[in-house]
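For reference, the structure is listed below as structure tokens.
Each value in this text was obtained by applying a stated rule to the coordinates, not by laboratory testing. Everything quoted here is computed from the prediction, not taken from an experiment. So basically every Cβ, Gly included, is an ideal-geometry build from the backbone, and we count neighbours across all protein chains shown.
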Amino acid sequence: MASVPASWTPESRAVALAPRALTILVTAAAVFAPLALILYQSLLDAPFFDAKKNAGLDAYRFIFADADFWQASENSFLIAGGMTLIAVPLGALLAFVMERTDIRGRQWIEPLLLVPSFVSPMVLSFGYVVAAGPVGFYTIWTRDLFGAAPWNIYSVLGMTVIAGLTHVPNVYVYASSALKSLGSDVEEAARVIGASPFRVALSVSLPLIMPSLLFSAVLVFFLGFELFGLPLVLGDPEGILVLSTYLYKLTNKLGTPSYHLMAAVAMCIVAITFPLVLLQRQLLKGSRKYASIKGKAGRMRELPLGPWKWLAMALIALWIFTAVLVPLSGVALRAFVTNWGEGVNLSEALTLETFRTIWGEPTMMRGILNTVLIGVVGGLLTVACYTAIGFATHRRNDGWSRFVDYLILVPRAVPGLLIGLAFLWVFLFFPPLTPLRSTLFSVWLAYSVVWLAYGIRLISSSLLQVSPELEEAARSAGARRARVSRDITLPLIRYGLLGSWLLVFMIFEREYSTAVYLLAPGTEVIGAQLVSLWQGGAIDIVAGLSLINVVLVGVGLGVALRFGVRLRD
Amino acid sequence: MSSRIALAAFAAAFAGSAALAQVPAGYPADYAQVVAAANKEGKVVIYSALDTKAAKPLIEDFNKAYPNIKVEYNDMNSTELYNRFIAENASGQGGADVMWSSAMDLQIKLVDDGLAMAYKSPELAKLPKWAVYKDMAYGTTYEPAVFIYNKRLVTGEEIPQDHAAFARVISTHADKYKGKVTTYDIEKSGVGFMFVVQDTKYFPGMKDLEHAFGKTGYKVYSSTGNMLEKVSSGEHLLGYNVLGSYAAVRAKKDPGLGVVLPKDYTLVLSRVMFIGKNAKNPNAAKVWTDYILSQRGQKMIGSDVELYAMRDDVDAEYTAKKLNQQLGSNVKPIPVSSEITQYLDSKKRLEFLAQWKAALAAGSGK
């Protein structure tokens, strides 16, 4: 690091430091304010704004005495564990096939592989109900063809399988980038002595990327605790609760608001997820170290799959069919019919009524517009904020940077649903922010905080690609830090930022749970509207809006591919 | 945004007739001042459990009468409505001018907690006695709780005509109805809870029905729309205690859905409306409330909005009068009174829920 120029006075040093301190303080406030409110609320026996509240541990006592809580915890563990067992091997195998073999059509398979991670879980789950529920389109077709359709998506097993399949991309992304950084020489050695491609994958490639697989396993397990849309849509009618839907159910259990109970459940979830987040961090560090030891990859030689090709193709096709085509075609079909199910002739039920309704409904049109706005404009602002935070820690290895490192992980551990509720409180009871409550700003702030960890990782991976000597050259020529950032680093990472913007756009289009409690006139976004409409039972509108949501994400994906944005870091 | 444009268009189109419509017939002369003040406020903020789409004819008709009062209509579920209203009152930021919800008990509680404004509507004398609470809150509709069934798959004898028959059908055809009966999740839906509490009052065989529910492994939802969708699709066959107003609307355009008004007794819910104590647009709120209670508003409710008009002097497709003629003394309206708030006491509510669950468990043989 270059030394501070002699001409610097203490004042100018303070000026140079101010933006950094400010950035970090604002971030810390945005992260801790809602969290502190949740913690405080969990220690009361009434809403915190109620005059008749008392401090105590009653809320925890209540939920620990509630059989539903334990049932929900058990289901959460089962589903999280089960989906990890499904997603990790599948994701790893797919990564191997895609990265290492001579499989054809890679350029169009890869975007399809990532689709489930960009589509709202609300949309996917709803699609499964319509497509593969007891009287879903595919269920009825299967029954007509084979006499039976031996699956039940409304069960812990069904949800686990669906969650597992739709989380394959999360594993795939890490596994394939780890594979990319491995040289193919060891695999070739295995091939030479006659190992089959499957054997190579199992005995050579995958063990070598074990740290990355472990990391993604922890990630998927952790995401299992965050599941909300899926169990809400598929589990609720059967009375199958997981922690997040149990929390949601508590909204009304006492007849009047039971925020203290919800907050207590949220703290329990944090108690499980925060250690997982920290573990992830440790593993990520480890996996990077591991990969870098392997050094530069030589020219990658593709393994010929030979007759295995058909198996690999079938595996990919089957997965794309179940995880992408089934739910999305279900949504699309439901959006164009008046009613469906057993004994309904679909061709007679065709209609455009749903879209006419949406078109004629100002709140829905506003929801669509807001969703685009929050993705495009909000996404841009968010990337700007994340970049500021990124710069605040870039190439500085002091206490502040380490603080920020942990800080950005905190919101990840709290269910989005409750972060949204806490932000509603902040906007109600923190006077400077109250005028902004019914504006998109509230949703934007909540989204930006929830996706902090994801976004900062995007930004810092761009920043790390800038070689330090370029910045140091400017520093030795006398430029201050701010100047270096503005004139050297920022221009160099502009394509990375553009890519981040697109990814944040897609994430914001898909987000739903965070905005549930912030939903108000002026803050409608499709994601939250879907939850509310689903609860209200306007299923045709849910289908129509879902389809519109998928189209928006699709446009984002199309643009990203067109500009060659890497869809993952 | 587009709503603003639409409303502005209305305002422009009806500005000419506005002067005539200012004071409705039979209202005291000083009502003109209320309307003038309301016009000055320029808008009324409504929180409602009825979705915007369904309320649209009301809003449009209101704007024909009062083109200068913009209606900011916000729909959310009844619990959310309540939570938001108390939070906004606690934070000192008035939110809603008018609260309109099907969770009658929560509405009455808010009135009892002193969050409603006292207002004697000029319509008071014309309203049924049961629909008025403390001159603060008003029942505005007359919506029956009904059974629904899938017309393609449930026919003849199996269509339950009363509560006892419902229990009988699902327990005698246990195999067919296994997992195919649905009702509100009473832990989540305040309305569903309220209906079941009333059922225990009127239906001596409630325990048998609970057992039968337990035996079939019934499915629960927090909303009417979900039940309608699932019964229509055939995923479920029978629905219990479904809000009849929504069911009637869907049944009209959905050939697969059948609706039964139970013959032994039919519960009737009335959406309760009151003006918020801290309303920022109190006069506009009064004008809106009076409109809803008026013959004109009620006629809208009984026709285009399809919620059943509660006034006896209204002729429309859906009215209390027709329902009463059809069912006689078997109509059991849930009273708009503090009697229904007793289960908002969390201890009592949890006890009730525990008993309900125990009865279901006993039925399922667990």
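List the relative contact order of chain A as a percent without decimals, with contacts defined as Cα pairs under 8 Å and 6+ residues apart.
Details: 759 pairs, mean separation 115.5, N = 569.
Reported relative contact order: 20 percent.
Assuming 0.36 nm per residue, please report the length gained on full extension of the stretch residue A:345 to residue A:108 beyond their Cα-Cα distance. It would help to have the intermediate numbers written out before the result.
On the way: separation 237, 0.36 × 237 = 85.32 nm, distance 3.46 nm.
Extra length from residue A:345 to residue A:108 when fully extended: 81.9 nm.
Suppose every Lys and Arg Cβ carries +1 and every Asp and Glu Cβ carries -1, with no other charges. What dipole size does chain A come out with about its Cα centre, to the nearest 20 debye? Kindly include the intermediate steps, with their values, before the conclusion.
Numbers: 42 positive and 33 negative charges, 402 e Å.
Dipole about the Cα centre, nearest 20: 1940 debye.
Using only atoms on other chains, find how many Cβ atoms lie within 10 Å of each Cβ of peptide A:245-258 and report the average. Kindly include the intermediate steps, with their values, before the conclusion.
Values: counts 0, 0, 0, 2, 4, 2, 6, 16, 9, 8, 20, 12, 7, 2.
Neighbouring Cβ atoms belonging to other protein chains average 6 per residue here.
Please tell me the relative contact order of the range A:46-346 in percent, rounded to the nearest whole number, where contacts are Cα pairs under 8 Å and at least six residues apart.
Result for the range A:46-346 is 33 percent.
Amide H neighbours of residue B:264 under 5 Å, at least 5 residues apart or on other chains, H built in the peptide plane: list them.
Long-range HN contacts for residue B:264: B:163.
Just tell me which aspartates and glutamates come within less than 16 Å, Cα to Cα, of residue A:180; anything on the same chain fewer than 8 places away is out.
Leaving aside aspartates and glutamates fewer than 8 places away in the same chain, those within reach of residue A:180 are A:99, A:102, A:110, A:188, A:302, A:569.
Classify the range A:46-346: rounded, prolate or oblate, from the alpha-carbon gyration tensor (a ≥ b ≥ c, eigenvalue square roots; a/c under 1.5 rounded; otherwise prolate if a/b is larger than b/c)?
On the way: a/c = 2.89, a/b = 1.38, b/c = 2.09.
It is oblate, given that a/c is not under 1.5 and a/b is not larger than b/c.
How far, in degrees from 0 to 90, does helix B:78-90 lean away from the longest principal axis of the Cα atoms of chain B, to the nearest 10?
Tilt of helix B:78-90: around 40 degrees.
Any idea how far apart residue A:436 and residue B:280 come out in nm if each label point goes 7 Å out from Cα toward Cβ?
According to this spin-label approximation, the distance is 1.8 nm.
Can you list residues whose amide H is under 5 Å from residue B:136's amide H, if they're 5+ apart or on another chain and H is modeled 1.01 Å from N?
Here the answer is B:119, since their amide H atoms fall under 5 Å of that of residue B:136.
Compute the FRET efficiency between residue A:142 and residue A:329 as 1/(1 + (r/R0)^6), taking r as their Cβ-Cβ distance and R0 = 22 Å, and round to the nearest 0.05.
On the way: r = 14 Å, r/R0 = 0.64.
Plugging the Cβ-Cβ distance into 1/(1 + (r/R0)^6) gives 0.95.
Taking square-rooted eigenvalues a ≥ b ≥ c of the alpha carbon gyration tensor, is the range B:186-233 rounded, prolate or oblate, where a/c under 1.5 means rounded and, failing that, a/b exceeding b/c means prolate? Present the calculation step by step, with values, prior to reporting the outcome.
On the way: a/c = 2.23, a/b = 1.37, b/c = 1.63.
In terms of gyration-tensor shape, oblate.
Roughly how crowded by other chains is peptide A:534-543, in terms of the mean Cβ count from those chains within 10 Å of each of its Cβ atoms? Spell out each step's value before the answer.
Numbers: counts 5, 11, 11, 13, 8, 8, 2, 3, 2, 0.
Mean shielding count: 6.
Taking the 0 to 90 degree range and rounding to the nearest ten, how far is the long axis of helix B:206-216 tilted relative to the main principal axis of chain B, both from C-alpha atoms?
It is inclined by approximately 70 degrees.
Enter the mean number of other protein chain beta carbons within 10 Å of the beta carbon of each residue in B:77-89, as an integer.
Numbers: counts 5, 1, 7, 8, 0, 4, 10, 6, 0, 5, 10, 3, 1.
Shielding by partners across B:77-89 averages 5.
Please report, ordered by residue number, every helix of chain A (full DSSP H runs) that is 27 Å or longer along its axis going by C-alpha atoms and whose mean Kyte-Doolittle hydropathy reaches -1.0. Numbers along the way, then the final one.
Values: long enough: A:10-42 (45 Å, 1.16); A:67-100 (49 Å, 0.92); A:259-293 (49 Å, 0.95); A:539-562 (34 Å, 1.97).
What comes out of the filter, once short or polar helices are dropped, is A:10-42, A:67-100, A:259-293, A:539-562.
Which residue, chosen from A:324, A:101, A:129, occupies the Cα position most advanced towards the positive end of the dipole of the range A:46-346, where the dipole is computed from +1 (Lys, Arg) and -1 (Asp, Glu) charges on Cβ about the Cα centre?
Final value for the positive-end residue is A:101.
In whole Hz, what ³J(HN,Hα) sequence does the range A:194-209 give by Karplus (6.51, -1.76, 1.60; θ = phi - 60°), x for Gly and Pro?
Going residue by residue, I get x, 6, 6, x, 4, 5, 4, 4, 5, 9, 10, 5, 5, x, 5, 9 Hz, with x marking Gly and Pro.
Considering the options A:165, A:241, B:63, tell which one lies farthest towards the positive end of the dipole of the protein assembly as shown, charges being +1 on Lys and Arg and -1 on Asp and Glu at the Cβ, about the Cα centre.
The residue sitting most towards the positive pole is A:165.
Given points 7 Å out from each Cα along the Cα-Cβ axis, report the residue A:202 to residue B:64 separation in nanometres with one decimal.
Modelled inter-label distance: 7.5 nm.
With +1 on the Cβ of every Lys and Arg and -1 on the Cβ of every Asp and Glu, and nothing else charged, how large is the dipole of the range A:46-346 about its Cα centre, in debye rounded to the nearest 20? Don't skip to the end; give the middle numbers.
Details: 22 positive and 17 negative charges, 211 e Å.
Here the range A:46-346 has a charge dipole of around 1020 debye.
Between residue A:314 and residue B:155, what is the label-point separation in nm under the 7 Å Cα-to-beta-carbon projection?
4.4
How many angstrom separate the Cα center of the range A:125-184 from the Cα center of the range B:178-222?
Here the answer is 33 Å between Cα centres.
Round to the nearest 0.05 the FRET efficiency obtained for residue A:465 and residue A:151 when R0 = 41 Å and r is the Cβ-Cβ distance.
Values: r = 45 Å, r/R0 = 1.11.
My answer for the efficiency is 0.35.
Can you tell me the 0 to 90 degree angle between the C-alpha axis of helix B:2-21 and the longest principal axis of chain B, rounded to 10?
Helix B:2-21 sits at roughly 60 degrees to that axis.
Using a/c under 1.5 as the rounded threshold, could you call chain A rounded, prolate or oblate? The axes a ≥ b ≥ c are square roots of the C-alpha gyration tensor eigenvalues, and prolate needs a/b larger than b/c, oblate otherwise. Kindly include the intermediate steps, with their values, before the conclusion.
Values: a/c = 1.60, a/b = 1.08, b/c = 1.49.
Oblate, since a/c reaches 1.5 and b/c is not below a/b.
Take the residue pairs B:64/B:299; B:176/B:219; B:56/B:180; B:252/B:299; B:178/B:230; A:249/B:134 and return only those whose Cα atoms are more than 22 Å apart.
On the way: B:64/B:299 15 Å; B:176/B:219 14 Å; B:56/B:180 34 Å; B:252/B:299 19 Å; B:178/B:230 15 Å; A:249/B:134 33 Å.
Among B:64/B:299; B:176/B:219; B:56/B:180; B:252/B:299; B:178/B:230; A:249/B:134, the Cα-Cα distance tops 22 Å for B:56/B:180; A:249/B:134.
Compute the FRET efficiency between residue A:181 and residue A:406 as 1/(1 + (r/R0)^6), taking r as their Cβ-Cβ distance and R0 = 35 Å, and round to the nearest 0.05. Spell out each step's value before the answer.
On the way: r = 26 Å, r/R0 = 0.75.
Calculated value: 0.85.
Of the options B:177, A:382, A:397, report the single residue whose Cα projects farthest towards the positive end of the charge dipole of the protein assembly as shown (beta-carbon charges: Lys, Arg +1; Asp, Glu -1).
A:397
Alpha carbon centre of the range A:480-501 versus the range B:87-131: separation in Å?
56
Where does each of A:366-374, A:35-43 land if you order them by average Cβ count within 10 Å, highest first?
On the way: A:366-374: 21.2, A:35-43: 19.6.
With the highest mean Cβ count within 10 Å placed first, the list reads A:366-374, A:35-43.
Check which residues have an amide H placed less than 5 Å from residue B:70's amide H, if you skip close sequence neighbours.
B:43, B:44
Taking θ as phi - 60°, what are the ³J(HN,Hα) couplings along the range B:169-174 by the Karplus curve (6.51, -1.76, 1.60), each to the nearest whole Hz, with x for Gly and Pro?
Result, rounded to whole Hz: 4, 6, 8, 7, 9, 3.
From Cα pairs below 8 angstrom and at least 6 apart in sequence, can you work out the relative contact order of chain B, rounded to a whole percent? Mind dumping the intermediate values first?
On the way: 680 pairs, mean separation 90.6, N = 366.
Once divided by the residue count of chain B, the mean separation gives 25 percent.
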